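The values are calculated or read from the model by the stated rules, or taken from the named source; none is laboratory data. Small disclaimer: the values here were computed from a predicted structure and weren't measured. Because the Cβ atoms are built from the backbone with ideal geometry, glycine has one as well, and the counts that use them run over all protein chains shown. Ligands, DNA and RNA are stripped out before the accessible areas are found, and what is left, the full protein with its side chains, is counted by its heavy atoms. Shrake-Rupley method; radii C 1.70, N 1.55, O 1.52, S 1.80 Å.
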Amino acid sequence: MEAAIREIVKALTLEEKAALTAGADAWHTVGVERLAVPAVAMNDGPHGLRKTLDGVSLSLAAHPATCFPTSSAMGSSWDTGLIEQIGQAIAGECLAGDVQILLGPGVNIKRTPLCGRNFEYYSEDPVLAGELGAAFVRGVQSRGVGTSLKHFACNNQEFERMTMSSELDERTMREIYLTAFERVVKKAAPMTVMASYNKVGGTTVTEHAGLLRHILKEEWGFEGLVVSDWGAVTDRPAAIAAGLDLEMPSPGPEASSLVVRAVKEGRLSEADLDEAVGRILRVAFNTYAARRPATTVDPDAHHALARRAAAECVVLLKNEGALLPLRPEALRSVAVIGQFAKNPKYQGGGSSLVNSTRVDVAYDELARLLDGKVDLRYADGYPSEDRVEEALLQEAAAVAAQADVAVLFVGLPESYESEGWDRHHLNLPPAHIRLIEAVCRVQPRTVVVLANGSAVAMPWVDGPEAILEGWLSGQAAGGAVADVLLGVVNPSGKLQESFPMRLEDTPAFLNYPGEEGRVRYGEGIFVGYRHYEKVKVKPLFPFGHGISYTDFAYSDLRLSKPEVTDQEKLEVAVTVKNTGDCAGKEVVQLYVRDVEARVARPVKELKAFAKVSLEPGEAREVHLTLEGRDFAYYSTERQAWCVESGEFEILVGSSSEAILQTATVMVRSTQPEPAFTAQTLLKRFQKSPVAMQVLMQAFGSTPAVIFFTDPVLAGLVQDLPVGRLVNMSRGLLTEENLQQIISAVNQSTKA
Ligand code: GLC
């Protein structure tokens, strides 16, 4: 393949090469018939195929396809195997639709719950987002269909998304905003990465060589192609020079003449153009070879998978008095209230919108499962517009009061959250809040079922006895929620994002949405639970939280060794037992804490997880593996990942708050300490007995010795760069002496 690509690149004219670096229309690359270069099709999206009816325009009208749970929901499943299966299923629909590349997954970090596109993203945590994104890419690409890992990078709000510059330090970017992309690129090799609309540090991402060429391609070894987000390119020659390969959609054939001119005028090297063309050819040939337009898809089987998946995403947030699961044999009547029960909200607005093959209606699915054994009542509860209607509230309260249990379907309408706009607050619509209050006043046995793409505030949280987070879980969400309400499925979802008490508690509150074109990531690495735990502000529901209809006990946490270097793996084992009376699934979460660090670090960070299915009474030993990077932080000073020797805690539990087993491990870093230099602060010498010995030899017989022996003076000069001693020695110490001393210290401390 590589030899053939090299031959083709040689045979292409400059004009043909330039034409290849942009789309032929909204969804296709350019083909070159005379050299048998195929054009390939790419379409959205992360949770189902959106293939436009006319195949070439930006219209949202699309062919029918299965709408699977959105990424926010899938993030709550913590189930990499399930996500891989969904990727395979969507790939099947791509093959049948003759689409070669699927434009997903999105792995941007949920920096603020206000981001309108959070429904398309997995988590506030980069390890969870990276592992789930990698599973999705593996699933889709296992059938030869390409993916597009998006939106690279630091695209964490919709407000002014096309021009806003994300301002953040290197450590924050590496540890929080790039880690998910890095894990997917290294573990699953996505065929394309999508460069985002925004700027980073004032440079538009499509022209950001640091991100595209140096980090993505050179440091991480990404071999696929970098495609722009649609309409994100302003200067294609500059973009290609920076590492972008393909501009989408087509800007029109005349635009390629700018690339030709740039090469002729020397503003763009032909080598860079050839590299872009080579990457485009490689992806085109690979995905075209995998075409299987004769592939058939069983829509019922995909719907069943969508229903099973949606049920895995449901998070049982609260279940007082074990109100759930509803037991038909103990009930005479159930009131189902809220328009979402009959007109489900199950996906988000914008480019990811799927024209679903069918849609489960929760009310109908409940009726089907109850099969007449229980009397079902219904009330709208709120109008379809975003306003309060007293009559509907009164009707709902009356219906609820007469029933044994009330189930309320509420959430965020599309006007609140979508691609293209952010939310203005964390609350549900006023009409939904009033409904919850009105019903809980007359019916204590109330369940609230939420349909939303990101965390909502719950000032009403003490009203209902049970709360189910159903997310935007795809076309089968209605069926899945019915399955969970009636105990057909035991909920096993865990929150992939913290639910704050109020907007002011959120880490980005002081800096979002930015002003005058710049948004500062002032919270640094302290995003999500990293923030709440550090500042000790309790969220309403913590990251990793989710209740089951059964109970689990943890025991026997064991580490493969008490001491490990950053070059070795550490095996962690823990036993989980289902101590309840029904089968269930548990997500075992492993967090790591650096007990003492030279830099500020989160209280703890998720580094591994596993979902296990256990019968009543069954116990299982779960194995998780840690490696050097799991102990590391990114040093902006050294431009490298650093592991500091010292004690680390291993914390295992069923949520970030419910830590049930802990152990400690001693980590020995094999990374060399940075050399001492003239800029090294005296306090670093003072901490090293060996270094102090060398200094005492040098200064022992001089007046300066008091700076090392007198504790008060030593304190005064502890933050003095050692090179300053030359100027303070009145000629006693020359630069040359100092360099000899420093090299002697380096020699002796390296020993
Ligand atoms: C949109 C989105 C991107 C999508 C692309 C094509 O604006 O940002 O996620 O894949 O354009 O629709």
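Can you list residues from other chains, or at least 5 along the same chain, whose modelled amide H is less than 5 Å from the amide H of Leu149?
Thr192, Val193, Met194
Under 4 °C and 1.567 mPa s, how fast does the stretch 191-343 diffuse according to Stokes-Einstein, given a Kirkwood radius computed over C-alpha pairs? Answer in µm²/s, whole number.
Numbers: Rh = 20.1 Å.
Here the translational diffusion coefficient equals 65 µm²/s.
Considering every pair of different Cα atoms, what Kirkwood radius, in Å, is found for the stretch 649-730? It would help to have the intermediate numbers written out before the result.
Details: mean 1/r = 0.0636 Å⁻¹.
Value: 15.7 Å, from the Cα pair sum.
Hey, what do the phi angles of the stretch 519-533 turn into as Karplus ³J(HN,Hα) couplings, whole Hz, using 6.51/-1.76/1.60 and θ = phi - 60°, x for Gly and Pro?
Per-residue couplings from phi come out as 10, 8, 8, x, 6, x, 7, 8, 9, x, 4, 4, 6, 4, 6 Hz.
If you place +1 on the Cβ of every Lys and Arg and -1 on the Cβ of every Asp and Glu, how big does the dipole about the Cα centre of the chain come out, in debye to the nearest 20?
Values: 74 positive and 96 negative charges, 209 e Å.
That gives the chain a dipole magnitude of about 1000 debye.
Roll a 1.4 angstrom probe over the protein heavy atoms and tell me the percent of accessible area of the chain that is carbon or sulfur. It would help to have the intermediate numbers written out before the result.
Values: 14690 of 28010 Å².
Its accessible area is 52 percent carbon and sulfur atoms.
Highest first, please rank the peptides 414-426, 635-647 by the mean number of other Cβ atoms sitting within 10 Å of their residues. Don't jump to the answer; show the numbers that get you there.
On the way: 414-426: 18.1, 635-647: 14.5.
Going from most to least packed, we get 414-426, 635-647.
Among Ala306, Thr29, Leu428, whose Cα lies farthest out toward the positive end of the dipole of the chain, if unit charges sit on the beta carbon of Lys, Arg (+1) and Asp, Glu (-1)?
The Cα lying farthest towards the positive end belongs to Thr29.
Hey, what number do you get for the chain at 222 nm if only DSSP H runs of n ≥ 4 count, each worth -39500 (n - 2.57), divided across all residues, to the nearest 500? Mind showing how you got there, number by number?
Values: 21 runs with 215 residues, N = 751.
Result for the chain: -8500 deg cm²/dmol, rounded to the nearest 500.
Please give the Cα centre distance for the stretch 147-215 versus the stretch 231-273, rounded to the nearest Å.
With the stretch 147-215 and the stretch 231-273 each reduced to a Cα centre, they are spaced 20 Å.
Translational D (Stokes-Einstein, µm²/s) of the chain at 20 °C and 1.002 mPa s when Rh comes from the Kirkwood sum over C-alpha pairs? Mind dumping the intermediate values first?
Numbers: Rh = 28.1 Å.
Answer, rounded: 76 µm²/s.
I'd like to check one number: the per residue accessible area of the stretch 100-183, probe 1.4 Å, reported in Å² as a whole number.
Details: 1240 Å² over 84 residues.
Accessible area per residue, the stretch 100-183: 15 Å².
Using the Cα centre of the chain as origin and beta-carbon charges of +1 (Lys, Arg) and -1 (Asp, Glu), tell me which of Leu178, Leu149, Tyr633 is placed farthest towards the positive end of the dipole.
Tyr633
Hey, can you find the accessible area per residue of the stretch 479-558 for me, probe 1.4 Å, expressed in square angstrom? It would help to have the intermediate numbers written out before the result.
Values: 3160 Å² over 80 residues.
Heavy-atom SASA per residue in the stretch 479-558 reads 39 Å².
Of all alpha-carbon pairs in the stretch 682-750, indicate the percentage at a distance above 18 angstrom. Walk me through the numbers before you get to the answer.
Values: 676 of 2346 pairs.
Of the Cα pairs, 29 percent sit more than 18 Å apart.
Enter the Cα centre distance for the pair the stretch 360-439 and the stretch 641-677, rounded to the nearest angstrom.
If we compute the Cα centre of each part, the gap is 47 Å.
Just to compare against my own numbers: the Cα pair-distance distribution for the stretch 552-668, 5 Å bins, whole % per bin, please.
2, 11, 22, 22, 16, 11, 7, 5, 2, 1, 0
What relative contact order, as a whole-number percentage, does the stretch 682-750 give when Cα pairs under 8 Å and 6 or more residues apart are counted?
Values: 44 pairs, mean separation 27.1, N = 69.
Reported relative contact order: 39 percent.
Taking K and R as +1 and D and E as -1, what net charge do the other residues with C-beta under 12 Å from the C-beta of Met692 add up to? Mind showing how you got there, number by number?
Details: positive: Lys683, Arg684, Lys687; negative: none.
Around Met692, the charge tally is +3.
Taking the Cβ of Leu408 as the centre, find all other residues whose Cβ is under 14 Å away and add up their charges (Lys, Arg: +1; Asp, Glu: -1).
Numbers: positive: Lys318, Lys342, Lys345, Arg377, Arg434, Arg441, Arg445; negative: Asp380, Glu395, Glu437, Glu465, Glu469.
That sum, taken over residues with Cβ under 14 Å, equals +2.
Net charge near Glu329: determine it from the other residues with C-beta under 15 Å of the C-beta of Glu329, scoring Lys and Arg +1 and Asp and Glu -1. Don't skip to the end; give the middle numbers.
On the way: positive: Arg327, Arg332, Lys373; negative: Asp371, Asp375, Asp404.
So the surrounding residues net to 0.
Using the Karplus equation 6.51 cos²θ - 1.76 cosθ + 1.60 (θ = phi - 60°), what ³J(HN,Hα) coupling, rounded to whole Hz, does each residue of the stretch 645-659 give in order, writing x for Gly and Pro?
Computed from phi, the couplings for the stretch 645-659 are 4, x, 7, 10, 9, 9, 10, 10, x, 9, 6, 5, 9, 8, 7 Hz.
Spelling out what I want: for every residue of the stretch 304-321, take phi, set θ = phi - 60°, compute 6.51 cos²θ - 1.76 cosθ + 1.60 (Karplus), and round to whole Hz; glycine and proline get x.
5, 5, 4, 6, 5, 5, 4, 5, 6, 8, 5, 10, 7, 7, 8, 8, 5, x
With charges set only on the Cβ (+1 for Lys and Arg, -1 for Asp and Glu), what does the dipole of the stretch 575-650 come to about its Cα centre, in debye to the nearest 20?
Working: 11 positive and 14 negative charges, 44 e Å.
For this selection, approximately 220 debye.
Helix 179-188: angle to the longest alpha-carbon principal axis of the chain, degrees 0 to 90, nearest 10?
Approximately 80 degrees, to the nearest 10.
Return the Cα extents of the stretch 304-534 along principal axes one, two and three, sorted largest first, each rounded to a whole Å.
On the principal axes, the stretch 304-534 reaches 59, 38, 34 Å in Cα extent.
Report relative contact order for the chain in percent, whole number only (criteria: Cα-Cα under 8 Å, sequence separation at least 6).
Details: 1798 pairs, mean separation 96.7, N = 751.
Answer for the chain is 13 percent.
Which order do peptides 98-109, 566-577, 380-391 fall in by mean Cβ count within 10 Å, highest first?
Numbers: 98-109: 27.6, 566-577: 17.9, 380-391: 15.2.
Ranking, from highest mean packing down: 98-109, 566-577, 380-391.
What ranking, highest mean first, results for peptides 396-402, 142-148 when packing means the other Cβ atoms within 10 Å averaged over each residue? Intermediate results must be reported in sequence, preceding the final value.
Working: 396-402: 19.9, 142-148: 23.1.
Going from most to least packed, we get 142-148, 396-402.
Write down the radius of gyration of the stretch 517-590 and its Dmax, each obtained from C-alpha positions, in Å.
My reading of the Cα-based Rg and Dmax gives 18.1, 56 Å.
I'd like to know which of Phe648, Ala597, Val587 lies farthest towards the positive end of the charge dipole of the stretch 552-668, counting +1 on Cβ of Lys and Arg and -1 on Cβ of Asp and Glu.
Ala597
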